[in-house]
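Notes follow once the structure below has been shown.
We did not get these values from a lab; they are worked out from the coordinates using the rules stated. The shown structure was predicted, so the numbers you read here are calculated from the model rather than taken from an experiment. For neighbour counting, all protein chains shown are included, and Cβ atoms are generated from backbone atoms with ideal geometry for every residue, glycine included.
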Amino acid sequence: MDYFSAFDISASGMAVQKVRLDTVALNLANVNTTRGANGAAFQPLEVIIGEGRGFQALYSDSVSGMQQRYGGARVVAVQPDLSEPRLVHDPAHPDADAEGFVAYPNINPVSEMVDLLQTTRAYEANVQALNAAKTMALRALEIGE
């Protein structure tokens, strides 16, 4: 594995974590939103993550003699969470139904904050891996001096 592959893996991980961070921030910002600008209820979002070029691709490349870089991780999809809304009894609310219940998105702020911490830690780990690969590349260049 060359240094550029290590850079690619870390960069793809950081890109995935940025999408996760944006999604968590959007969910947290809309935890008390009953309807959006289009009048529809807000649907919480979730990120589906998959592998870029994994071990299977590496194995097939080594058999065929091709040298290609790893891909790390990638965002497969950002899709709405189709769980039932959280109903709160508040007859005075303008969006209350005939029985006085207001439908809020089914977003748990505690689990979203845990996702936020996981995302931050994963991003930091990718930064550290990138810095380690950069340091190794610089040290390898110093050997030639």
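Just to verify a number: FRET efficiency for V127 and S83, C-beta to C-beta distance, R0 = 41 Å, to 0.05? It comes out at approximately 0.80.
Since only T33, V75, V88 are under comparison, the one whose Cα sits farthest along the positive direction of the charge dipole of the stretch 3-143, derived from C-beta charges on Lys, Arg, Asp and Glu, is V75. Taking Cβ atoms as reference points and 13 Å as the exclusive limit, the residues near L87 contribute a net charge of -4, counting Lys and Arg as +1 and Asp and Glu as -1. Ordered by the number of other Cβ atoms lying within 10 Å of each residue's own Cβ, fewest first, Y123, Y3 fall into the sequence Y3, Y123.
Only one residue of A125, V24, P109 has its Cα farthest out toward the positive end of the dipole of the chain, where Lys and Arg carry +1 and Asp and Glu -1 on Cβ, and that residue is A125. A P(r) calculated from all alpha carbon pairs of the chain, with 10 Å bins opening at zero, reads 11, 27, 24, 17, 11, 6, 3, 0 percent.
Computed over the chain, the per-residue total of -39500 (n - 2.57) for DSSP H runs of n ≥ 4 gives a 222 nm mean residue ellipticity of -17500 deg cm²/dmol, rounded to 500. Angle, helix 109-143 long axis vs. longest principal axis of the chain, Cα atoms, 0 to 90°, nearest 10? Approximately 10 degrees, to the nearest 10. For the chain, the longest principal axis of the alpha carbon atoms and the long axis of helix 55-64 meet at an angle near 30°. One chain, two ends: K134 and A96. Fully extended at 0.36 nm per residue, the span grows by 8.0 nm beyond their Cα-Cα distance. Rounded to the nearest 20 debye, the dipole size of the chain about its Cα centre is 440 debye, using +1 on the Cβ of Lys and Arg and -1 on the Cβ of Asp and Glu.
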